[in-house]
Amino acid sequence: MIRVGLVGTGYAARLRVQALQADPRAQLVAIVSHSLSRTQAFVDDYGVQRFTSLEEALRAVELDLIVIATVNAEHATLARTALLAQKHVVVEYPLALTLEDANNLIALARSQRCLLHVEHIELLGSLQQAFVHNLEAVGNVGYVQYTTVKPQRPAPRRWNYQLSQFGFPLVGALSRLQRLIKVFGLVDSISCQAYMWSVDSTASEHHFSTCLCTAQLAFKCGVAAQVTYGKGERIWLAERRLEVHGDRGALHFDGNQGVLIHADATQTLEVGSRRGVFAADTRQVLDHLTTGQPLYIIPEESVYALKVALAAATASKTGQRVHLD
Ligand code: NAP
Ligand code: BLA
């Protein structure tokens, strides 16, 4: 039985709770939250013990695995605390907000002989499957465009609209880069434009009302890609679109609709809903811990995507294209 401590009580945390409850190999033992009132439901529904800090939970109960599902700015410190206590760690992306923290955590996990797994649910969904399975059919890929933008009015004054908590937009939304890096590999260079609007003239400088970030990637394999991520008040149309242009055809995904386009025919592709990806991630972690089965991603891959995202941040600041080594 794998005894689990969970940090966070938000959307990702709730889906983790459901996945853990459904798996007989795991037992949710502790939940860590800033707010004792918010954890009451977990205590009532699942009979878990609640704590206000991870350190406190580690002192009070026996745990094997810590799942970190709280705000991005806290991931690195929490992962370090858990690894130093010799616990396995699952952390929602991004692993850390800096490359130094991320690399130190990988080294620490290795020396402690503990699992460090960074969730990348975008790789487990049906869009990625349809993308990968139909890639060959478009021939040599030249250009990819991936856009996920979401209007939100009014923008919430929450952590995910705060640079210090969320990170640079493509760091917080690391999945947008990871989805392409998993398929096209290493990046040669990147340029990026990031526009941020603050909530209002008197508001805290840390909150923004809109972010719109677009990056141009040159992959070493020759593929050029444009990735656009945005959310907030100045976005007027929700878009979730992935286009792959090859020399023999194209793939075009728009929301849950997909088509494979050839000169003489267009074929509809089935793309299912995005449900069940956190459960799939949790299952793979438990498989790995109990049978040693390899996971779908290793932390080095996530940290490489983080390196690309931070290069995008530098490119947007300097206005210069950044070459990755
Ligand atoms: P959320 O619903 O907003 O929950 C955030 C959690 O962080 C809350 O449980 C809150 O718990 C805790 N927290 C700590 N400091 C906070 C602060 N200053 N403001 C607000 N909450 C604070 O967020 P989420 O969507 O679950 O995201 C959590 C993590 O999962 C993030 O790293 C995100 O990138 C990742 N993720 C989420 C999704 C998704 O579909 N939502 C997908 C992939 C990855 P307490 O107050 O109880 O401590
Ligand atoms: C990713 N969703 C995320 C992330 C955050 C949220 C913080 C990680 C950062 C990012 O990649 O953008 C938060 N998502 C939200 C919030 C809503 C939302 C607050 O849709 C409010 C409605 N996540 C959800 C809901 C779904 C969802 C309701 O909270 C709906 C089906 C899915 N969120 C989802 C998925 C990802 C994600 C699949 C991974 C992103 C990807 O595929 O690249």
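The values are calculated or read from the model by the stated rules, or taken from the named source; none is laboratory data. Given the structure is predicted, the values throughout are model-derived calculations rather than measurements. Positions of Cβ are backbone-derived with ideal geometry, glycine not excepted, and every protein chain shown enters the neighbour counts. To get the accessible areas, we keep the full protein, side chains included, count just its heavy atoms, and leave off ligands, DNA and RNA. Shrake-Rupley method; radii C 1.70, N 1.55, O 1.52, S 1.80 Å.
The set of residues in the range 232-276 being more than 16 Å from ligand 1 (Cβ to nearest atom), outside any strand (DSSP E or B), in contact (Cβ under 8 Å) with a residue 60 or more places away in the chain and more than 30 Å from Y195 (Cα to Cα) consists of D247, R248, G249, H262, V271, G272.
Mind telling me which of the residues E100, E74, E56 ends up being in a helix (DSSP H, G or I), open to solvent by 10 Å² or more (accessible area, probe 1.4 Å), on the phi < 0 side of the Ramachandran plot and within 16 Å of ligand 2 (Cβ to nearest atom)?
On the way: E100 fails: within 16 Å of ligand 2 (Cβ to nearest atom); E56 fails: within 16 Å of ligand 2 (Cβ to nearest atom).
After ruling out the rest, the residue left standing is E74.
How many residues, within the range 217-231, are surrounded by 17 or more Cβ atoms within 10 Å (Cβ to Cβ) and assigned to a strand (DSSP E or B)? Talk me through it step by step, then tell me what you get.
Restricting attention to the range 217-231, the residues satisfying the condition of being surrounded by 17 or more Cβ atoms within 10 Å (Cβ to Cβ) are 217-219, 223, 225, 227-231.
Add one more test, that the residue is assigned to a strand (DSSP E or B), and what stays is 217-219, 225, 227-231.
The total comes to 9.
Within the range 266-285, the set of residues being modelled with pLDDT of 95 or more and over 20 Å from the mean Cα position of the chain (by Cα) comprises T266, Q267, T268, L269. Applying the condition of being in a helix (DSSP H, G or I) and closer than 19 Å to P94 by Cα to the range 108-127 and asking which residue is farthest from ligand 1 (Cβ to nearest atom) yields R110.
Check D325, D281, D264, D247 and return the single one that is buried (at least 19 other Cβ atoms within 10 Å of the Cβ) and either over 26 Å from M1 (Cα atoms) or within 16 Å of ligand 2 (Cβ to nearest atom) (or both). None of the other options fit; the residue is D281.
Candidates in the range 286-309 are the residues that are within 16 Å of the chain's Cα centre (by Cα) and away from ligand 2 (no atom under 16 Å from the Cβ); of these, the one that is farthest from M1 (Cα to Cα) is K307. Of the residues making up the range 188-216, those that are part of a loop (DSSP other than H, G, I, E, B) and within 22 Å of T314 (Cα to Cα) number 2. Residue count for the range 23-44 under the criterion of being within 23 Å of the chain's Cα centre (by Cα), open to solvent by 30 Å² or more (accessible area, probe 1.4 Å) and more than 20 Å from A73 (Cβ to Cβ): the result is 0. Residue pairs whose Cβ atoms lie under 7 Å apart, sitting 6 or more positions apart in sequence or on different chains, and linking a residue in the range 63-88 that is farther than 15 Å from G167 by Cα to a partner that is more than 16 Å from ligand 1 (Cβ to nearest atom) and polar (S, T, N, Q), are L83/Q112; Q86/Q112.
Rundown of residues vs (1) more than 9 Å from ligand 2 (Cβ to nearest atom); (2) among the β-branched types (V, I, T); (3) within 20 Å of the chain's Cα centre (by Cα), yes/no style:
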{"site": "I106", "(1), (2), (3)": "yes, yes, yes"}
{"site": "V118", "(1), (2), (3)": "yes, yes, yes"}
{"site": "Q129", "(1), (2), (3)": "yes, no, yes"}
{"site": "H133", "(1), (2), (3)": "yes, no, no"}
{"site": "N140", "(1), (2), (3)": "yes, no, no"}
{"site": "T148", "(1), (2), (3)": "no, yes, yes"}
{"site": "R153", "(1), (2), (3)": "yes, no, no"}
{"site": "R157", "(1), (2), (3)": "yes, no, no"}
{"site": "F168", "(1), (2), (3)": "yes, no, yes"}
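When we screen D281, D287 for residues that are without any contact (Cβ under 8 Å) to a residue 60 or more places away in the chain and in a helix (DSSP H, G or I), the only hit is D287.
Candidates are the residues of the range 151-187 that are closer than 19 Å to P299 by Cβ, in contact with a His (Cβ under 9 Å, 6 or more places away or on another chain) and in a helix (DSSP H, G or I); the one that is most open to solvent (accessible area, probe 1.4 Å) is K182. The number of residues in the range 79-94 that are more than 16 Å from ligand 2 (Cβ to nearest atom), open to solvent by less than 10 Å² (accessible area, probe 1.4 Å) and not in a strand (DSSP E or B) comes to 3.
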